Amino acid sequence: MSWVYIENLKKYINENVEIKGWLYNKRSSGKIHFLQIRDGTGFVQGVLEKSKVDEEIFENAKRLRLESSIIVQGKVREDPRAPSGVEIEVSNLKIVQVPIEDYPIGKKEHGIDFLMDHRHLWLRSKKQFHILRIRHEIVKAIREFYDSRGFVLIDTPIFTGAIGESAGNLFQVNYFDYGKAYLAQTGQLYLEAACMAFGKVYNFGPTFRAEKSKTRRHLTEFWMNEAEVAYYEHEDNMKLQEDLVSYVIQKTLEHAENHLKALDRDISKLEKIEPPFPRISYDDAVKLLQRKGFNIKWGDDIGGDEETAISQEFDKPVIVFNYPRHIKAFYMQPDPQRPEVVLCDDMLAPEGYGEIIGASQRIHDYDLLVERIKENNLPLESYDWYLDLRKFGSVPHSGFGMGLERVVAWICGLRHIREAIPFARTLYRLHP
RNA sequence: UCCGGCGUAGCUCAACCGGUAGAGCGGGUGGCUGUUAACCACUAGGUUGGGGGUUCGAGUCCCUCCGCCGGAGCCA
């Protein structure tokens, strides 16, 4: 009898198969047991009838507790009463292990603190199954997008010296006798180096921010995809972002629609996501917010509530571009027509999910970059190799970073980003 | 770091103006051949987060500490 995964059961109608999995719930009456089985690929009900199996097997099923690991054998049967359309007529049941304690996660609702404390077990539940499968498809789509366009994957380091946008929110670690190292909060500067070697490059990996943020949009460790392209200017950059996000949505719909439906996600809202995306300048965004009653003036940064208000005007992600120079990072290229603004953009996801991409064209002129570093009171010597890039064949180039968990939360329709990553690291949570 | 909220059975929550602690789920026992968070009956289960105070009396009011949640700032 062959071992079959639940996701493939429909190919084995009326055949005898073996399923290796776990019991996630059980309902029974005196002469029939309904075993709810999962195996990591899906969920199926096994029906065990007293009149059709050995007495011993039926009695063994009574001993099963939630999350018992079991191997069942039986015939695959189409049944309109089953949510997935098939169930297993169990003929044999092997118990691998009966849990030695009661399974802590019950069928009724739990509080978030309890669930996060049991994240290692919570992963087994249905909602998490669907979310993390969707995350997997999103990651695949991101990689496919770049690979199909001739980008080269350049993995940027996680241990770095003190280089990045600002030092205040870096995690420090001891690095042998060299002193302190810092966990990367961006790989951008390294990608800028790499794009001068490979033209089109991207990275994808964990990023660390020691910001004491306590919101539904923040993690201290999150996955970020960054891209950097030599000879790309602001407009090319925005186009690339639209194409990426649209591709990811379309591929996720293609490969994970069943999981999205299982989460009750409104698919129609995702189906609309295709280029071009609405674009609004920072200037117009401020005017829009003023009309909506926000107390904001030109030069102020756009906060979380304001972002939500802007994104509510559109049913696609909206690109807000050309922010004032003084509220953005030192390396951003000034607008040649208006030096008080820089050639940058943020992409805000719809439905209040906030910023998913931060992007800019980078300064390629050596003297201008030195001036900006000094202006921001940053140590010139830390940027020695970064400045080198402007000495040798410097060209205009642009790039961006996309936060994976925010994209996952948006696509899945999650209220909080912590469920968009297998083991979330937040301000007060390092365990499990 | 700041502002707000919460902490009662293993879990999710009740408990009026301060008056002697209650339900569902889960556990145990029994019943039930189509259940979909199955159902029905019985049953066990509590130092009300820790410490201090007010009071004849505190889950309830006050102080303090701890833990977590939400938001702000900052960002993806």
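Per residue, the average separation of C-alpha pairs within less than 8 Å and at least 6 apart gives chain A a relative contact order of 13 percent. With the cut-off at 1.5 for a/c, could you classify segment A:288-432 from its C-alpha gyration tensor as rounded, prolate or oblate? Oblate shape, in that a/c is at least 1.5 and b/c is the bigger or equal ratio. Rolled with a 1.4 Å probe across the full set of protein chains, the surface gives residue A:370 an accessible area near 20 Å². Simple point charges give the picture: +1 on the Cβ of Lys and Arg, -1 on the Cβ of Asp and Glu, and for segment A:331-387 a dipole about the Cα centre of about 60 debye.
Just add up the charged neighbours of residue A:151: K/R +1, D/E -1, any other residue whose Cβ is under 14 Å from the Cβ of residue A:151. List each step's numbers first, then the result.
Working: positive: A:143, A:149, A:200; negative: A:144, A:147, A:155, A:226, A:228, A:236, A:243.
Within the 14 Å Cβ shell, the charges total -4.
Kindly express, to the nearest 10 degrees and within the range 0 to 90, the angle between helix A:188-198's C-alpha long axis and the longest C-alpha principal axis of chain A. On a 0 to 90 degree scale, this one is about 90. Among the listed pairs A:269/A:297; A:140/A:214; A:140/A:261, which have their C-alpha atoms separated by more than 26 angstrom in this model? Flagged as over cut-off: A:269/A:297; A:140/A:214.
Placing +1 on the Cβ of every Lys and Arg and -1 on the Cβ of every Asp and Glu, with nothing else charged, gives segment A:291-432 a dipole about its Cα centre of roughly 220 debye.
Show which lysines lie in cross-link reach of residue A:292 when reach means a straight Cα distance below 21 angstrom and same-chain residues fewer than eight apart are skipped. Candidates past the 8-residue exclusion: A:316. Measuring nothing but how far apart in sequence close Cα pairs (under 8 Å, 6+ apart) lie, relative to its length, segment A:2-97 scores a relative contact order of 30 percent. Working from Cα pairs under 8 Å separated by at least six residues, relative contact order for segment A:347-432 is 32 percent. With all protein chains present, how much of the accessible area of chain A (probe radius 1.4 Å) comes from carbon and sulfur, to the nearest whole percent? The computed percentage sits at 49.
Before I look further, what does segment A:196-280 give for accessible area per residue, probe 1.4 Å, in whole square angstrom?
Working: 3970 Å² over 85 residues.
The answer is 47 Å² per residue.
The helix-only estimate of mean residue ellipticity at 222 nm for chain A, built from DSSP H runs of length n ≥ 4 each weighted as -39500 (n - 2.57), is -9000 deg cm²/dmol after division by the residue total. Between A:383, A:14, A:331, the Cα set farthest toward the positive side of the dipole of chain A (charges on each charged residue's Cβ, about the Cα centre) is that of A:14. Each of A:4, A:53, A:82 was placed along the dipole of segment A:2-97 (beta-carbon charges, centred on the mean Cα), and the one lying farthest toward the positive end is A:82. For segment A:1-99, the solvent-accessible area of protein heavy atoms averages 52 Å² per residue (probe radius 1.4 Å; ligands and nucleic acids excluded).
Accessible surface area normalised per residue over segment A:393-432 is 34 Å², counting heavy atoms of protein chains with a 1.4 Å rolling probe. Annotation note: trypsin sites (Lys or Arg not before Pro) in segment A:18-47 located in DSSP loop regions with a Cβ neighbour count of at most 13 within 10 Å are A:31. Accessible surface of residue A:383, taken over heavy atoms with a 1.4 Å probe and every protein chain present, rounds to 10 Å².
Local charge sum around residue A:10 (other residues, Cβ-Cβ under 14 Å, Lys/Arg +1, Asp/Glu -1)? Could the numbers behind the result be given before it?
On the way: positive: A:11, A:75, A:77; negative: A:7, A:15, A:78, A:79, A:87.
Neighbour charge sum, excluding residue A:10 itself: -2.
For A:152, A:72, A:96, what's the largest-to-smallest order of accessible area, 1.4 Å probe? Don't jump to the answer; show the numbers that get you there.
Values: A:152 50, A:72 0, A:96 95 Å².
So, going from the largest accessible area down, we get A:96, A:152, A:72.
From the residues A:198, A:122, A:409, which one has its Cα farthest along the dipole of chain A in the positive direction, the dipole being from +1 and -1 charges on Cβ of Lys/Arg and Asp/Glu about the Cα centre? Sorting the options by dipole projection puts first A:122. Computed over segment A:62-126, the percent of Cα pairs more than 21 Å apart is 45. In a simple Cβ point-charge model (Lys, Arg +1; Asp, Glu -1; nothing else charged), segment A:121-420 has a dipole of about 1080 debye relative to its Cα centre. Taking all protein chains as shown and a probe of 1.4 angstrom, residue A:29 keeps an accessible surface of around 60 Å². Expressed to the nearest 5 percent, the antiparallel share of DSSP beta bridges inside segment A:121-420 is 90 percent.
A 1.4 Å probe over all protein chains sorts A:7, A:211, A:87 by accessible area into A:7, A:211, A:87, starting with the largest.
Which chymotrypsin sites (Phe, Trp or Tyr not before Pro) does segment A:189-278 hold that lie in a coil by DSSP with at most 16 other beta carbons within 10 Å? Don't skip to the end; give the middle numbers.
On the way: sites: A:190, A:198, A:202, A:204, A:208, A:222, A:223, A:231, A:232, A:247; in loops: A:231, A:232.
Of the chymotrypsin sites (Phe, Trp or Tyr not before Pro), the ones in loops of segment A:189-278 whose Cβ has at most 16 other Cβ atoms within 10 Å are A:231.
For segment A:1-63, the number of Lys pairs separated by eight or more positions or lying on different chains, with C-alpha atoms closer than 26 Å, is 19.
What Kirkwood radius, in Å to one decimal, follows from the Cα pairs of chain A? Show your work: numbers first, answer last.
Details: mean 1/r = 0.0407 Å⁻¹.
When all Cα pairs of chain A are included, the Kirkwood radius is 24.6 Å.
Residues A:297, A:108, sorted by accessible area with the largest first, give A:108, A:297 [1.4 Å probe; ligands and nucleic acids excluded].
The values are calculated or read from the model by the stated rules, or taken from the named source; none is laboratory data. Given the structure is predicted, the values throughout are model-derived calculations rather than measurements. Neighbour counts are summed over all protein chains in view; Cβ atoms, including those assigned to glycine, are modelled from backbone coordinates with ideal geometry. Each accessible area value is taken on the protein alone, full model and side chains, heavy atoms only, with ligands, DNA and RNA left out. Shrake-Rupley method; radii C 1.70, N 1.55, O 1.52, S 1.80 Å.
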